[in-house]
Amino acid sequence: MVRSFEDFPNLVSMFFSRARQHGDAPFLWRKHGDGWQPTSWAETARQVACLAEALAGLGLNRGDRVALVSENRPEWCIADLAIMAAGCVTVPTYTTNTERDHLHILENACAKAVFVSTPKLARTLLPAVVQSSECRTVIGFEPLRIGQQSDVTLYDLDRLVADCPADVTAAEQRAEALTRDDLACIIYTSGTGGAPRGVMQHHGGILHNVAGCFDIIANDFPDGTETFLSFLPLSHAYEHSGGQFLPIGIGGQIYYAEGLEKLASNIEEVRPTIMVVVPRLFEVLRARMVKTIEKQGKAAQWMLEQALRLGRVRYERGRLPLYEKPLDLLLERTFRPKVRNRFGGRIKAMVSGGAPLNSDVGLFFQSLGLTLLQGYGQTEASPVISCNRPGAGIRMDTVGPPLKGVEVRIAEDGEILVRGELVMHGYWRNDAETARVLKQGWLHTGDVGHLDDRGRLVITDRKKDIIVNDKGDNVAPQRVEGMLTLQPEIFQAMVHGDRRPHLVGLVVPDPEWARTWAAARGLPDDPAALSTSHEFQRAMMAAVDRVNANLSVIERVRRIILADAPFTVENEQLTPSLKIRRHVLRGVYAARLEALYRQ
């Protein structure tokens with residue numbers, strides 16, 4: 001008998017139940033040479049059981065924290081499940097973390113052990129381990145070496161699994177002792193400001209998320225085995241719940257992408273049915289698709305224009321007029337299938353989360369025949385709170401109705417409050433912050449919004465990100481920034497103007513556009529030289545002015561400066577989920593931005 005999500009006491013029991021149900025069917029896939037190699041449900045369960053037994057043999061006890069540093073790969077899932085099966089708590093960390101970041105998390109979480117995938121990642125991690133107070137066990141997915149003897153012991157994952165007799169039944173029985181209230185993982189929020197905080201996610205919170213997402217799939221999409229392509233960092237709550245535990249819960253298959261640079265080819269090979277993505281990827285894909293179609297000639301450009309026009313008519317009216325249907329049928333038979341084939345041809349839905357999606361970008365993909373669902377959530381809510389669904393009517397300016405079993409209330413100041421099993425138990429070792437955001441069972445999200453007449457949630461902005469100008473007017477910076485980055489000239493942008501008379505902006509030119517612009521004028525492809533060119537600066541400001549034409553007076557960006565370099569995770573100007581870190585950017589550019597007010 002297949003158990004429902006409400007019956008599972010914990011995530012590990014859900015996994016073992018699905019593994020018993022699917023047996024030798026493929027579950028986890030990795031690229032090997034020119035082909036994809038599967039690991040079955042049964043073999044994954046065997047490895048999870050063996051590794052859990054090995055962790056207990058290394059002296060790890062129930063409740064101990066175990067860190068996990070790895071790119072997305074099958075071993076990530078196996079290690080995560082084994083940590084939980086041993087009664088321990090997973091502490092995922094980003095592969096982009098510095099030695100200082102690793103040390104902070106190891107110390108704050110009081111981690112006793114850590115998994116790391118490769119020698120390259122270990123080079124940053126091991127110095128932090130040596131400096132840490134309690135972590136003395138390191139397990140490598142690949143063989144690790146250390147320069148000299150220390151009190152840190154290195155283990156090989158394959159050896160640990162091979163040396164342990166498999167007893168899946170015993171592991172499954174032990175896992176039943178874990179309850180929905182037990183801590184499953186501590187996920188450190190990357191944070192757009194300040195030091196990362198450890199969010200305590202319990203088994204029931206993630207199970208509640210899985211059940212809510214399954215409700216959408218079951219009611220709004222055709223039946224069939226779902227195929228996921230995992231490429232967002234599994235250390236992020238969005239991918240951890242949506243890209244790992246949701247596929248486990250519904251008996252899907254997970255393919256692990258080779259990296260962002262090979263994502264396009266991986267999509268065509270894997271042919272996923274559901275993709276979990278972030279808005280920035282859609283913006284990049286949109287820009288590339290437009291450029292590709294432009295190169296195909298006037299006929300292709302005309303078809304794109306008509307598809308976008310009809311898409312907007314359908315979106316605004318709810319249906320197409322009868323006289324538009326022949327053209328729509330032509331596009332459906334000739335143009336849209338080519339677009340869908342770029343995404344493998346089997347996509348049921350692409351789910352956008354992690355940051356606000358510009359409605360024009362969403363409508364672009366919807367017009368081309370791809371179902372795009374914008375969701376909303378926070379790490380503190382396991383993380384999905386709401387999601388658009390076809391049955392409720394997709395509106396690109398909303399993030400859809402709350403998931404099943406989620407209560408949403410709007411406070412007097414417009415803040416979105418959330419209650420339900422999905423809400424975290426608090427921040428790890430941070431009672432003050434916990435008390436600030438959890439009040440009488442309600443999670444105070446820090447986001448501002450309202451519910452529309454059909455119960456769909458509309459996000460206005462983050463309370464702490466709202467710019468209040470010197471006249472007391474409120475400006476939502478993410479809306480302005482989203483419009484700026486839709487311009488072909490602009491790759492990234494941040495607006496500034498709190499307690500100032502108007503907005504100014506920090507802009508990163510699109511490198512491809514800049515290269516083309518320079519070549520057309522016989523100039524060298526040198527970003528530093530271009531940034532000092534008055535003609536180039538005027539071209540960038542012209543792009544800003546195009547956006548200004550569609551903004552209110554208080555939203556218009558009056559002047560800009562060009563950034564010294566793109567915002568990246570590596571220079572700490574982006575979070576790993578690609579949100580801009582305003583406090584870091586202000587620290588670098590504040591003087592130059594403020595100087596714009598004196599010009």
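The table below lists the values:
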| quantity | calculated |
| --- | --- |
| From the options LEU308, LEU330, residue that is over 18 Å from the mean Cα position of the chain (by Cα), under 21 Å from ALA287 (Cβ atoms) and at pLDDT 95 or above | LEU308 |
| Selection from region 509-541 of residues that are within 15 Å of PRO566 (Cβ to Cβ) and small (Gly, Ala, Ser) | ALA514, ALA528, SER531 |
| Residue count for region 248-281, restricted to those that are in a helix (DSSP H, G or I) and more than 16 Å from the chain's Cα centre (by Cα) | 12 |
| Filtered residue count, region 311-348, keeping only those that are within 23 Å of ASP220 (Cα to Cα) and either polar (S, T, N, Q) or outside any helix (DSSP H, G or I) (or both) | 10 |
| Residues of region 292-310 satisfying the condition of being surrounded by fewer than 14 Cβ atoms within 10 Å (Cβ to Cβ) and part of a helix (DSSP H, G or I) | THR292, GLU294, LYS295, LYS298, ALA299, TRP302, GLU305, ARG309 |
| Selection status of GLU407, touching a Ser or Thr at 6+ places or on another chain (Cβ under 9 Å), closer than 30 Å to ASP181 by Cβ and not β-branched (Val, Ile, Thr) | no |
| Residue in region 63-71 that is in a helix (DSSP H, G or I) and either of a type in the set (S, T, N, Q) or modelled with pLDDT of 95 or more (or both) present | no |
| Members of region 212-242 found to be assigned to a helix (DSSP H, G or I), crowded, with 23+ Cβ neighbours inside 10 Å and not hydrophobic (A, V, I, L, M, F, W, C), listed by number | GLY212, TYR238, GLU239, HIS240, SER241, GLY242 |
| Only listed residue being surrounded by 16 or more Cβ atoms within 10 Å (Cβ to Cβ) and either under 21 Å from ARG582 (Cβ atoms) or among the aliphatic types (A, V, I, L, M) (or both), chosen from ALA493, ALA411, ALA432 | ALA493 |
| Leading residue by the ranking (surrounded by the fewest Cβ atoms within 10 Å (Cβ to Cβ)) among those in region 547-599 that are of a type in the set (Val, Ile, Thr) and in contact with a strand residue (DSSP E or B) (Cβ under 7 Å, 6 or more places away or on another chain) | THR568 |
| Residues of region 322-363 classified as out of contact with any strand residue (DSSP E or B) (no Cβ under 9 Å at 6 or more places or on another chain) and free of Cβ contacts under 8 Å to residues at least 60 places away in the same chain, total | 19 |
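Conditions tested, residue by residue: (1) crowded, with 17+ Cβ neighbours inside 10 Å; (2) within 21 Å of ARG586 (Cβ to Cβ).
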position: MET424; (1), (2): yes, no
position: TRP442; (1), (2): yes, no
position: GLY446; (1), (2): no, yes
position: GLY455; (1), (2): no, no
position: VAL468; (1), (2): no, yes
position: LYS471; (1), (2): no, no
position: ASN474; (1), (2): no, yes
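The values are calculated or read from the model by the stated rules, or taken from the named source; none is laboratory data. Worth saying up front: this structure is predicted, and the values here are computed from it rather than measured. No Cβ is skipped: glycine too gets one built from the backbone with ideal geometry, and neighbour counts run over all protein chains shown.
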